[in-house]
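Q: Quick one: the structure is below, questions incoming.
Each value in this text was obtained by applying a stated rule to the coordinates, not by laboratory testing. This is a predicted model, so every value here is computed, not measured. As a convention, Cβ positions derive from the backbone with ideal geometry for all residues, glycine included, and neighbour counts pool all protein chains shown.
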Amino acid sequence: MKKLSLIVLVILLVGGLAFGACAPKEEAVEEIKIGHLGLLSGAGAVAGRPILDGARLAVDEINEAGGVLGARLVLVSRDTGGRPEEAVRLTRELILGEGAQFIQGPFTDACNMAVSQVGKELETIIFPYVAKTHRLLSPEFFHPYIFQPSSNTLYEGGYAAMIVAENPEWKTVFVIGPDYEYGQMQCGSFMSKLTELRPDVEFEEAWPALFATDFTPYITRMVETEPDVVFIAQWGGDFITLMKGMAAFGVFDVVDFVVTVGENGSPEFAIPLGDDYPEGVFANAMDVLYWPDTPEHRAYEKALADISGEPYPFGNAIQGYIGIKLLAAAIEKAGTTDSLAVVEALEGLTIDTPLGPMTMGEDHQLRRPMIWGYTKKVPEYPFVVLDRIELVPYESVVPD
Amino acid sequence: MDWTFYFTQFIAGLSQGMFLFILATGLSLILGVMGIVNFAHGSFYMIGAYLTYYLVTLLGGSFWLAIILASVSLAGIGYLLQRFLIHRLYGRPELQLVFTFAFVLIFSDLIKMGFGVLPKGVAYPELLSGIFEIGPIRFPKYHIFIITLGPIIAYLLRMLEQRTRMGRIMRAASLNRDMVNALGINTERVFTLVFGIGAFLAGLGGALASPTVSIALGMDAAVVLPAFVVVIFGGLGSFAGTFFAALIAGQVQVFGILFFPRLAESFIFILMAIVLIARPWGLSNRPPKFA
Amino acid sequence: MKNKELLFGIGLFIFFALIPVIGSKYTIYFNAQLLFTILFATSLNLLVGYTGLFSFGHVGFYAIGAYAFTILYKTYGVPFGVSFVAGPLLAAGAAVIVGYLCVRLTKIYFTFLTLAFAQIIWAIAFKWTPVTGGDSGIVGITPSSLLLPLNNTYFFTLGVVAVLMYVMYRIAHSPFSLVLNAIRENPNRAESIGVNVRLYQLIVFTISGFFAGFAGVLFVLLTRSVFPDILLVTRSIDVVAMVIVGGMYNFWGPMIGAVVLLYLNSFVKAYTEYWLLVLGTLLAVVVLFFPSGITGIFPWLSARFKLVAKKGELNA
């Protein structure tokens, strides 16, 4: 009898757990839920964490101003860890389990591609906050619910090429990028644009593994070939390790110009490098806390510092912020949370951001300008800042 | 590509090898003498790096002092771990394996809680920043320092192994634990000491590596498998074996990248597979008489 | 005991069959995932619990099944039925080769070689972009129109898992499994009574890889995509953790472990980002105090194993 009751107990246990895993929650009518697929662990967390802060800031601001269509915005976040399998599952959990009507995120191109398909299947808007691959909106994968709210590798690699092309004395370029799709696309886009503008330029390529712990073999090749220019597509921890190695080997004394993409000009990457980040490196960022010096931007940075607890707020946060603002403005304009209506409202929509106005194209690509500048050491900050800053519009690199 | 290029690559291989050796040697000790597969070794390395960051960058202390403090702290952590927890799993290697892995997860989140997700950096120590030049060969001073430090550590450990009573006990225990126990020696204490030394060396490895890499979560995973490859390749329980295995592994990595760049992530695992298939007892041991 | 277990199995089947009726869309999805994870974990336990072979590379065969199916079905247009079976068969084929090289080794050497192979397979999946889709994997794998609705995919998964679990159950309760137990306890002694230890290990390794391959294919059918990240070391550890937490000395142990860990994962992640701390602590506690897992708490559940003492109690 004891055994039988135990069997029944186990069946109930298994059943209860499996069934109760996520019953859909009843959502209050006065709420609009946005699911946030975060990147809060692993190598990308340095970018993903501030993005969540930026999103939360936007949600707070909107709610304080009365919400959207009279309803409160609610942000429900989960950590994907940068893993597509997890991202896909969490997308379903957020939409089907938590009742999220829109999805902000994810991050990393592998996750973006995968979650985009889920959005298509469940007819929910997917709004990644950083998506670099131009495959996301390519005809094979395009559908009404996917948007690309950040610049892509065509723009970044392309603009870097345009800058390098301007100096006729630079003829040899050493191109180094992580050996996976993102790195290949950045470097590929850079090299093809530069070849188009300056057919006389010669390239030397290096493809370290993603998350390699030692770049010495590549750096010694850099020193050996003595290129005029070095183009770096490494990001995050890879960028830091690579730059440290390049500093140690004195590459910066040998090379004329170093250019890098992937938001390496942001404070979050300048801080760990400290003095190992030389001056004169041409880098970009989504946002920097010290520019532009407008009241809106200063207010944003102050609020961001408060909500994130960071004395020097990070550059990537603004992508989370802009995404929420865009979605909210589109819902307001559409007058409803119905996905297709919001999609229509998003197309062609212009909103004001701390960096100025930005427009979502009809093709679902945000015309997102990026901040570019040359690194410089200044007394006000314990890390290098970007000097001779320019906000370069998307259209100047990728014509409509 | 002239000879200076290949020679520089060779030196790069030496420096990679020595970084690997310092880390792997602690693992070899733990695995060889105690038979414990310590996945948390990578975590010790990572903690060593983070502690160095804390002491140098946040508290503004001396790099050299920080290294010593960090390594000693790791020895303490290792001691506590072994003395109170791991020793309860005596004789069950699979469970020890899973248990040490559980700690990899725990340490990772503890570090995340304490230091956040932003990568950290440690500046090269003043004494060793800059380039060392001999003729046409240029290499960072710090890496040359590591290349010279490696053999010194190897020598010291070898002396410990061969000339001290503790070393003899360790060698005996790696060959036949029960016999050592039967001879009245408190293997418990030996093991705790060994684990402590192993953790110390891992922490030292992390501390020494801290100026050269981005200090972030995930650095534990990046080093632990190559360390195991080196230990197995060299043969369990032999410092000399680990040393030469590390040297070879370093060169394989560097020259492998040169000739087969697309296989960069795989070299270390291909090496491990080849070693395990062809000569699992490693470089330094003799093949066992019974299969 | 055996009849009661079959009753239990049937009860479970009925319960899972009712899910689409009483559950929400997400519950159906979650349970489909749970089902093939149960299949995967149980297949691993044939190696771990029954034979004492701690394989940390089991995800390799899961992935080969998944990728082989995807490449055959999507890239080359091979009919669904053929692809569905070819995936696991290729996984089994790989298991024969890998197994042959691995079973020559013991204990930790075995573990590390399985790990090395899983990593090599990962590197192939990650780098061989034209074939495997590289780091982004392959998405948009639309199944045959029969499986388009989620409910159909769910029932298909349930059917496949039920059949395969039954097959594994029969294997696990056959004389073959008793030999495996003997090998687990003392390979030398088994050898000395004439058992070809290597051959048995190879056979169970292959069978186990075959079932893991099916789990991989079911993964692709549910998520309509495949990525190299299913091959990460952490995934290998996840499934070993399921076996250990649930209990490796009982056929249903891995299933319990899968249920507990998947549910816990979903639940914990909704409240905190420190899932690793929770999982690590749980694992540490289980290993220290409940090494036979949840099912080990009730000794009579491991009764079949009582005749053969648990590893470690028989000190040579």
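Q: Apply the Karplus parameterisation 6.51 cos²θ - 1.76 cosθ + 1.60, with θ equal to phi minus 60°, to every residue of segment C:4-9 and state each ³J(HN,Hα) to the nearest whole Hz, in sequence, with x for glycine and proline.
A: Along segment C:4-9, the couplings run 5, 5, 5, 4, 4, x Hz.
Q: Can you figure out the FRET efficiency of C:T272 with A:D60, using R₀ = 22 Å and their beta-carbon distance, to the nearest 0.05? Walk me through the intermediate numbers first.
A: Details: r = 21 Å, r/R0 = 0.96.
Once rounded, the FRET efficiency stands at 0.55.
Q: Is the shape of chain A best called rounded, prolate or oblate, per the rule: a/c under 1.5 gives rounded, else a/b larger than b/c gives prolate, else oblate, with a ≥ b ≥ c the square roots of the Cα gyration tensor eigenvalues? If you can, show how the numbers build up before the last one.
A: Working: a/c = 1.92, a/b = 1.57, b/c = 1.22.
Cα axes put chain A in the prolate bin.
Q: Take the alpha carbon gyration tensor of segment C:3-232, find the square roots of its eigenvalues, order them as a ≥ b ≥ c, and report rounded if a/c is under 1.5; if not, report prolate when a/b exceeds b/c, else oblate.
A: Oblate shape, in that a/c is at least 1.5 and b/c is the bigger or equal ratio.
Q: Turning to a different aspect of this structure: So how many Å³ per residue does the convex hull of the Cα atoms of segment A:259-315 work out to? All intermediate terms of the calculation are to be shown ahead of the outcome.
A: Working: hull volume 4.8 nm³, N = 57.
Enclosed volume per residue, from the Cα hull, is 85 Å³.
Q: Let me ask something else. Taking C:K107 as the anchor, which aspartates and glutamates have their alpha carbon closer than 20 Å to its alpha carbon, excluding any fewer than eight residues away along the same chain?
A: Partners found: B:E94, B:D178, C:E185, C:E191, C:D238, C:E313.
Q: For the residues A:W170, C:W275, what sequence is obtained by ranking on other C-beta atoms within 10 Å, fewest first? Write down the numbers at each step before the final one.
A: On the way: A:W170 17, C:W275 20.
The fewest-first ordering by Cβ neighbours comes to A:W170, C:W275.
Q: Another question, then. Take peptide B:225-233, look around each residue's Cβ out to 10 angstrom, count Cβ atoms belonging to other protein chains, and average those counts.
A: Values: counts 5, 1, 0, 5, 2, 0, 1, 5, 0.
Across the residues of B:225-233, the mean count of other-chain Cβ atoms within 10 Å is 2.
Q: Still on this structure: How many partner chain Cβ atoms sit within 10 Å of a residue's Cβ in peptide B:269-280, on average, as a whole number? Walk me through the intermediate numbers first.
A: Numbers: counts 11, 4, 1, 7, 10, 1, 4, 12, 7, 0, 0, 7.
So the per-residue partner count for this stretch is 5.
Q: How would A:M222, B:M179, A:M191 line up from fewest to most surrounding beta-carbon atoms within 10 angstrom? Write down the numbers at each step before the final one.
A: Working: A:M222 22, B:M179 11, A:M191 19.
Least crowded to most crowded, the residues run B:M179, A:M191, A:M222.
Q: Between the helical axis of C:80-102 and the dominant principal axis of chain C, each derived from Cα atoms, what acute angle in degrees is found, rounded to the nearest 10?
A: 40 degrees
Q: Could you tell me the extents of the protein assembly as shown's C-alpha atoms along the three principal axes, largest first, rounded to whole Å?
A: Projected onto its principal axes, the Cα set of the protein assembly as shown covers 81, 75, 49 Å.
Q: Net charge near B:S15: determine it from the other residues with C-beta under 12 Å of the C-beta of B:S15, scoring Lys and Arg +1 and Asp and Glu -1. Walk me through the numbers on the way to the answer.
A: Details: positive: B:K141; negative: A:D214.
With Lys, Arg at +1 and Asp, Glu at -1, the net is 0.
Q: Enumerate by residue number the GluC sites (Glu not before Pro) in segment A:64-167 meeting two conditions: DSSP loop (anything except H, G, I, E, B), and at most 14 other Cβ atoms within 10 Å of the site's Cβ.
A: Passing both the DSSP loop test and the Cβ count: A:E123, A:E140, A:E166.
Q: For A:D387, B:D2, A:D276, what's the fewest-to-most ordering of other Cβ within 10 Å of each Cβ? Kindly include the intermediate steps, with their values, before the conclusion.
A: Numbers: A:D387 14, B:D2 8, A:D276 21.
Sorted ascending by nearby Cβ count, the order is B:D2, A:D387, A:D276.
Q: Another question, then. So, how do all the Cα-to-Cα distances of segment A:292-338 break down into 10 Å bins, in percent, from 0 on up?
A: With a bin width of 10 Å, the distribution comes to 24, 42, 24, 10.
Q: Shifting gears a bit: At 20 angstrom or more along the helix axis (alpha-carbon based) and mean Kyte-Doolittle of 0.0 or higher, what helices does chain B contain? Whole DSSP H runs only.
A: Membrane-span-like by this rule: B:3-29, B:63-84, B:93-115, B:141-163, B:187-209, B:219-234, B:239-259.
Q: For each pair in A:K193/A:K333; A:K302/B:K112; A:K302/B:K120; A:K171/B:K141; C:K25/C:K269; A:K325/A:K377, compute the distance between the two Cα atoms and list the pairs where it is over 27 Å. Don't jump to the answer; show the numbers that get you there.
A: On the way: A:K193/A:K333 38 Å; A:K302/B:K112 25 Å; A:K302/B:K120 24 Å; A:K171/B:K141 31 Å; C:K25/C:K269 20 Å; A:K325/A:K377 34 Å.
The pairs that break the limit, which is 27 Å between Cα atoms, are A:K193/A:K333; A:K171/B:K141; A:K325/A:K377.
Q: From the Cα gyration tensor of segment A:68-201, with a ≥ b ≥ c the square roots of its eigenvalues, which class applies: rounded if a/c is under 1.5, or else prolate if a/b is larger than b/c, or else oblate? Could the numbers behind the result be given before it?
A: On the way: a/c = 2.96, a/b = 2.55, b/c = 1.16.
It is prolate, given that a/c is not under 1.5 and a/b is the larger ratio.
Q: Counting partner chain Cβ atoms within 10 Å of every residue's Cβ in B:256-266, what's the average?
A: Details: counts 1, 11, 4, 0, 0, 8, 6, 4, 9, 12, 9.
Mean shielding count: 6.
Q: Round to the nearest 10 and give me the degree value, 0 to 90, for the angle of helix C:150-172's Cα axis relative to the longest principal axis of chain C.
A: It is inclined by approximately 20 degrees.
Q: Using a Cα-Cα cut-off of under 20 Å, which aspartates and glutamates could be cross-linked to C:K74, ignoring same-chain neighbours fewer than 8 residues away?
A: A:E85, A:E121, A:E140, C:D135, C:D229
Q: What angle do you read, to the nearest 10 degrees and between 0 and 90, between the alpha-carbon axis of helix C:175-185 and the longest principal axis of chain C?
A: The angle comes out at about 70 degrees.
Q: With each run of n ≥ 4 DSSP H residues scored as -39500 (n - 2.57), what mean residue ellipticity at 222 nm is computed for the protein assembly as shown after dividing by its residue count and rounding to the nearest 500 deg cm²/dmol? Mind dumping the intermediate values first?
A: Working: 38 runs with 584 residues, N = 1007.
Estimated from H runs of four or more residues: -19000 deg cm²/dmol.
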